[in-house]
Amino acid sequence: MRPLFFVHIPKTGGTSLMIQANQQGLSWGEKNPFYFNQPFKHHQPLQWFIPDRENCPRALIKSHNLITVLRDPVERFISDLKWHIEKRPSTLEAFGYSRKKVREDIRPLVHDILDLVESFDPAAMKPVANELIPFRVRRRFQKSEIRKAGLWKLGYAHFLPQHLFCEFEGEDVISHYFSIDNLAELESFLRDYGISFSSTGRSNRSQTPILLKKAELDRINSVYATDLLFYKSKVFT
């Protein structure tokens with residue numbers, strides 16, 4: 001069997017898997033040297049990966065079975081929102097809000113985030129193709145595009161549609177998809193690779209209660225419509 005490579009999509013339960021795998025001597029997610037010099041760190045989508053002398057996405061894809069965990073896009077958005085309110089106040093500040101203001105009325109922040117996601121052009125993040133240009137220069141170009149796109153406000157890869165993490169050169173490169181709602185299936189799959197994973201040991205959960213109204217839920221469904229179709233096609237087939 002080819003070794004596994006875990007593609008970590010923010011707010012899909014991946015932190016728990018990453019922690020448990022790394023406790024068993026694996027180097028998944030933030031511990032993987034593959035990601036060390038990338039602007040998005042271990043959330044760097046492979047299609048935006050900046051190759052260097054040692055790391056190349058195409059070689060990785062050919063030599064590994066890639067796995068990832070998906071989540072209903074609306075549930076993921078709300079979970080991400082909770083996480084930023086609790087643990088990343090810099091995101092609120094970047095949009096001009098405080099925790100107090102957001103807790104009084106979260107709707108303006110929701111629409112500001114959705115405006116940014118909706119206006120974002122994924123093609124702008126593609127790395128400079130000419131590898132004769134030094135890596136540090138190509139990375140600087142991509143960081144400049146990240147800033148221009150405003151992704152730094154979102155904590156870089158947070159809130160981005162899930163399908164962006166699963167593609168490379170226009171192709172779906174994930175070998176096995178799993179749902180956060182059925183982690184027992186992932187548990188069984190990993191067992192065949194000699195990897196122990198407890199689906200009940202999830203970490204990084206957010207506790208902030210959030211109740212969105214129909215207008216906000218409809219907008220989330222609209223902005224993530226493509227991602228919702230992608231999620232359903234991978235999880236329910």
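The values are calculated or read from the model by the stated rules, or taken from the named source; none is laboratory data. Note that the structure is a prediction, hence the values are computed from the model and not measured. Glycine gets a Cβ as well: all are built from the backbone with ideal geometry, and neighbour counts include every protein chain shown.
Observations on the model:
- Taking the criterion of being surrounded by 18 or more Cβ atoms within 10 Å (Cβ to Cβ) and aromatic (Phe, Trp, Tyr), the residues of region 160-192 that qualify are 165, 168, 177, 178.
- Pick from region 169-203, criterion among the charged types (D, E, K, R) and in a helix (DSSP H, G or I), ranking: nearest to residue 24 (Cα to Cα): 191
- For region 16-64, filtered to residues that are of a type in the set (S, T, N, Q) and part of a helix (DSSP H, G or I), the residue that is nearest to residue 160 (Cα to Cα) is 47.
Conditions (1) crowded, with 17+ Cβ neighbours inside 10 Å; (2) more than 30 Å from residue 4 (Cβ to Cβ); (3) of a type in the set (Gly, Ala, Ser), marked per residue:
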residue: 41; (1), (2), (3): no, no, no
residue: 53; (1), (2), (3): no, no, no
residue: 62; (1), (2), (3): no, no, no
residue: 68; (1), (2), (3): yes, no, no
residue: 79; (1), (2), (3): yes, no, yes
residue: 96; (1), (2), (3): no, yes, yes
residue: 110; (1), (2), (3): yes, yes, no
residue: 115; (1), (2), (3): no, yes, no
residue: 123; (1), (2), (3): no, no, yes
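- A count restricted to region 65-82 and to residues that are part of a helix (DSSP H, G or I) and either among the aromatic types (Phe, Trp, Tyr) or farther than 23 Å from residue 217 by Cβ (or both) stands at 1.
- Residue count, region 83-121 (criterion: assigned to a loop (DSSP other than H, G, I, E, B) and touching a helix residue (DSSP H, G or I) at 6+ places or on another chain (Cβ under 6 Å)): 3
- Hits in region 130-168 - residues which are at pLDDT below 95, assigned to a helix (DSSP H, G or I) and within 17 Å of residue 12 (Cβ to Cβ): 154
- Residue match in region 49-72 (condition: touching a residue at least 12 places away in the same chain (Cβ under 8 Å) and under 16 Å from residue 154 (Cβ atoms)): no
- So residue 226, is it modelled with pLDDT under 95, loosely packed, with under 14 Cβ neighbours inside 10 Å, β-branched (Val, Ile, Thr) and over 23 Å from residue 98 (Cα atoms): no
- Boolean, residue 84 is touching a Gly at 6+ places or on another chain (Cβ under 8 Å), within 21 Å of residue 235 (Cβ to Cβ) and either loosely packed, with under 15 Cβ neighbours inside 10 Å or modelled with pLDDT of 90 or more (or both): no
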